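One structure below.
The values are calculated or read from the model by the stated rules, or taken from the named source; none is laboratory data. These numbers come from a predicted model, not from an experiment. Don't worry about glycine lacking a Cβ; one is built from the backbone with ideal geometry, like all the others, and counts go over all protein chains shown. Ligands, DNA and RNA are stripped out before the accessible areas are found, and what is left, the full protein with its side chains, is counted by its heavy atoms. Shrake-Rupley method; radii C 1.70, N 1.55, O 1.52, S 1.80 Å.
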Amino acid sequence: MLKVGVLGAGHLGKIHLKLLNQSNKYNLIGFYDPIKENAKKVEKEFGYKSFETVKELIDAVDVVDIVTPTLSHFDCAKEAIEKGKHIFIEKPITKTVEEANILVALSKLHNVKGQVGHVERFNPAFTAVKKSIHKPMFIEAHRLAEFNPRGTDVPVVLDLMIHDIDIILSVVNSEVSHISASGVSVISDTPDIANARIEFKNGCVANLTASRISLKNMRKTRFFQRDAYIAVDFFEKATEVVKMKDAPEKPGDFDMILQNAEGIKKQIYFENPTVENNNAILDELETFAEAINNNTTPIVTLEQGTEALRVAQMIINDF
């Protein structure tokens, strides 16, 4: 079991603490939170040990789980890496791409592993269909959320859209060639609703919309590729897979057949992948432990987290 400590005991930090305490892959040593009142409250309520300083916590563990505000990600991660500690760091990886690049270089220098908390990679609806997504050429993503003051210190692109950016980059094996975007500030000082069109060198186009001022929650992404349409509902944890294949010479009475202008016939059929219930946050934390223990590559590397941030910043810069 890896000794782990958590930096940050806010809303998400408390979830991490609870799951790490339950996990049989980690030994939760304790946490640090700079707000003393909150630290005492969490320590009293849950029994987790509260450390007085970041340094004391880092020195006591093998793995540092960074669940602090984005502005402090870099300093916390840098200190942990330079002490030879593995880091799990919430998304976005850092405030700037420059900071993220430094962390990537430091992790290689000190031979430590890092994983970024892009939790949607572990959403059971996505994992159920990921192997069916091959060379998508058009992707449409909608991520809409009801207003919550938490997270409004950063643009909606870094708060919400970055989830979809990471998902798309994980399935499109091509470089970004062009981005056009627009964003509107409605309640916050930074954009609350944004739309981005990402064009890739292989011809794929992704259209992303994110909003944190919607009346209802929605997290849906649709992938269109040769002979297939795949829809993932990240919120409801459901999938829809529609595929086409060459029609049989003698179709059955209930077969759905389409014929194009050239006379080519295709059969439409539906697949229903099994979507298994899971705790995505626990999965991302435990797969990181496995990567450390087995010396394998984490599922969401620091490099991938950096690339998601780079594309997000390109979108913001286009506003």
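Can you list the equivalent-ellipsoid semi-axes of the range 53-139, largest first and in whole Å, using the square root of 5 times each Cα gyration tensor eigenvalue? It would help to have the intermediate numbers written out before the result.
Values: eigenvalues 169, 40, 32 Å².
Here the semi-axes work out to 29, 14, 13 Å.
log₁₀ I(q)/I(0) of the range 102-214 at q = 0.16 Å⁻¹, via Debye over equal Cα point scatterers, no solvent, to two decimals?
Ignoring solvent entirely, the Cα scatterers give -0.87.
Once the Cα gyration tensor of the chain is diagonalised, what are the square roots of 5 times its eigenvalues, in whole Å and ordered largest first, as equivalent ellipsoid semi-axes? Write out the running numbers ahead of the final one.
Details: eigenvalues 300, 97, 70 Å².
Each semi-axis is the square root of five times an eigenvalue, giving 39, 22, 19 Å.
Using only Cα atoms, tell me the angle between helix 97-109 and the longest principal axis of the chain; keep it within 0 to 90° and round to the nearest 10.
Long axis of 97-109 versus the principal axis of the chain: about 70 degrees.
Taking the Cα centre of the chain as origin, sum charge times position over the Cβ atoms of Lys and Arg (+1) and Asp and Glu (-1), and report the length of that vector in debye to the nearest 20.
Numbers: 38 positive and 44 negative charges, 53 e Å.
With only Lys, Arg, Asp and Glu charged at Cβ, the dipole is about 260 debye.
Any idea what angle helix 162-171 forms with the longest principal axis of the chain, computed on alpha-carbon atoms, 0 to 90 degrees, nearest 10?
For 162-171 against the chain, the angle is about 60 degrees.
Over the range 69-164, average the accessible area per residue using a 1.4 Å probe and give it in Å², no decimals. Could you put the intermediate results ahead of the total?
Values: 3970 Å² over 96 residues.
Normalised by residue count, the accessible surface of the range 69-164 is 41 Å².
Greater than 19 Å separation of Cα atoms is the criterion. Which listed pairs, 18/220; 40/83; 18/40, meet it?
Details: 18/220 28 Å; 40/83 27 Å; 18/40 16 Å.
Checking Cα-Cα distances, 18/220; 40/83 exceed 19 Å.
Taking the alpha-carbon distance from residue 243 and a cut-off under 19 Å, which aspartates and glutamates remain once sequence neighbours fewer than 8 residues away in the same chain are dropped?
140, 227, 233, 253, 255, 271
Students often get this wrong, so check it: of 25/108; 91/216; 216/237, which have C-alpha atoms separated by over 19 Å?
Among 25/108; 91/216; 216/237, the Cα-Cα distance tops 19 Å for 25/108; 91/216.
Expressed as an acute angle from 0 to 90° and rounded to the nearest 10, what is the orientation of the C-alpha long axis of helix 11-22 relative to the principal long axis of the chain?
80
Accessible area of the chain with a 1.4 Å probe: how many percent of it is carbon plus sulfur?
Working: 7920 of 15950 Å².
Carbon-and-sulfur percentage of accessible area, whole number: 50.
Just the number, please: Stokes-Einstein D of the range 252-319 in µm²/s, Kirkwood Rh from C-alpha pairs, 25 °C, 0.890 mPa s.
Numbers: Rh = 17.3 Å.
Rounded, D is 142 µm²/s.
Using mean Cβ contacts within 10 Å as the protection proxy, how do 20-28, 292-300, 109-117, 1-9 order, highest first?
Details: 20-28: 17.4, 292-300: 14.8, 109-117: 20.7, 1-9: 23.3.
Order by mean packing, descending: 1-9, 109-117, 20-28, 292-300.
Tell me, what does the Kirkwood hydrodynamic radius of the range 179-260 come to in angstroms if you use every pair of distinct C-alpha atoms? If you can, show how the numbers build up before the last one.
Values: mean 1/r = 0.0616 Å⁻¹.
After inverting the mean inverse Cα-Cα distance, the result is 16.2 Å.
Which value does Rg/Rh take for the range 1-77 over its C-alpha atoms, Rh per Kirkwood? All intermediate terms of the calculation are to be shown ahead of the outcome.
Numbers: Rg = 11.2 Å, Rh = 12.1 Å.
Rg/Rh for the range 1-77 comes to 0.92.
Select from the range 213-270 those trypsin sites (Lys or Arg not before Pro) which occupy a DSSP coil region and have at most 15 other Cβ atoms within 10 Å, ordered by residue number.
Details: sites: 216, 219, 220, 222, 226, 237, 243, 245, 265, 266; in loops: 216, 226, 237.
Within the range 213-270, the qualifying trypsin sites (Lys or Arg not before Pro) (loop, at most 15 other Cβ atoms within 10 Å) are 216, 226.
If you keep only loop residues by DSSP, which GluC sites (Glu not before Pro) in the range 218-319 have at most 12 other Cβ atoms within 10 Å of their Cβ?
Values: sites: 236, 240, 249, 262, 271, 276, 284, 286, 290, 303, 307; in loops: 236, 249, 262, 276.
Within the range 218-319, the qualifying GluC sites (Glu not before Pro) (loop, at most 12 other Cβ atoms within 10 Å) are 249, 262, 276.
Under the classification rounded if a/c is under 1.5, otherwise prolate if a/b is larger than b/c and oblate if not, where does the range 39-187 fall, given a ≥ b ≥ c as square roots of the Cα gyration tensor eigenvalues? Mind showing how you got there, number by number?
On the way: a/c = 1.85, a/b = 1.49, b/c = 1.24.
It comes out prolate by the Cα gyration axes.
Using the heavy atoms of the protein chains alone and a 1.4 angstrom probe, what is the accessible area of the range 182-288 per residue in square angstrom? Show your work: numbers first, answer last.
Values: 6420 Å² over 107 residues.
Accessible area per residue, the range 182-288: 60 Å².
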